[in-house]
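**Q** Let me give you the structure first, and then I'll get to my questions.
The values are calculated or read from the model by the stated rules, or taken from the named source; none is laboratory data. From a predicted model like this one, the values you see are computed outputs, not experimental measurements. Cβ placement follows ideal geometry from the backbone for every residue including glycine, while neighbour counts extend to all protein chains displayed.
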């Protein structure tokens with residue numbers, strides 16, 4: 001932290017703080033903290049990645065993808081190294097409070113969305129999902145066909161009071177990307193309490209809208225009820241609606 005002493009809090013001729021110097025000070029503090037916790041960051045990222053690998057194995061998704069437990073772990077090692085390098089100093093993305101730091105995603109070719117939905121909902125789902133075609137929306141993104149990691153997952157609670165149209169504008173201005181159906185379901189599987197029907201649950205939300213993709217039936221919304229989780233279709237034309245609904249998004253995608 002001694003690096004901060006190199007910076008003075010400069011003022012302009014009218015005695016107002018100089019914003020350039022202020023930002024230099026902020027960057028110096030961030031760099032000092034990042035260097036100080038470099039080893040802890042690598043350990044944290046590695047632990048979170050390994051936890052997710054084991055979670056998928058516990059759910060049987062490695063088997064659905066045609067892997068043994070050991071071969072599944074081995075196949076993901078190159079991606080794990082890329083993720084650790086991404087977060088190494090100087091980090092491409094800081095670890096932020098209020099964000100889910102990283103999400104390991106298995107692509108559609110490995111685990112079909114129907115399998116994911118059946119696991120998440122705890123029952124067989126509509127046959128429409130057997131032939132459901134998803135198209136990328138604006139502020140969505142085509143995903144790789146090999147495992148990848150999403151960084152900076154935000155549940156979209158900050159967009160709760162935004163309609164779809166306002167949320168789209170915010171995504172455009174802030175360079176974020178909405179989650180796809182495949183990504184959203186894996187987020188719910190990885191964080192079972194992400195959706196909750198309990199109003200007193202810490203930071204819980206009862207509804208989440210998939211805005212990275214759309215289908216002929218419209219947009220897909222997940223709803224948590226006391227009787228269990230449900231999936232619904234929402235009219236995409238209602239761009240000025242869906243206020244009070246979470247709109248999950250992420251910052252960066254890492255692939256090998």
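**Q** Of all residues in the range 132-163, how many are without any contact (Cβ under 8 Å) to a residue 40 or more places away in the chain and in a loop (DSSP other than H, G, I, E, B)?
**A** Restricting attention to the range 132-163, the residues satisfying the condition of being without any contact (Cβ under 8 Å) to a residue 40 or more places away in the chain are 138, 142, 145, 158.
Next cut, in a loop (DSSP other than H, G, I, E, B) only: 138, 142, 145.
Total satisfying the criteria: 3.
**Q** Follow-up. Which ranges mark the strands (runs of 3 or more DSSP E) fully within the range 192-256 that have 3 or more residues being at pLDDT 90 or above and surrounded by 15 or more Cβ atoms within 10 Å (Cβ to Cβ)? Please lay out each step first, then the result.
**A** Details: elements: 207-215, 218-225, 228-234, 252-255.
Passing ranges, in order: 207-215, 218-225, 252-255.
**Q** Would you confirm, using the coordinates I've provided, whether residue 142 is within 17 Å of residue 212 (Cβ to Cβ), buried (at least 22 other Cβ atoms within 10 Å of the Cβ) and either modelled with pLDDT under 95 or within 17 Å of the chain's Cα centre (by Cα) (or both)?
**A** no
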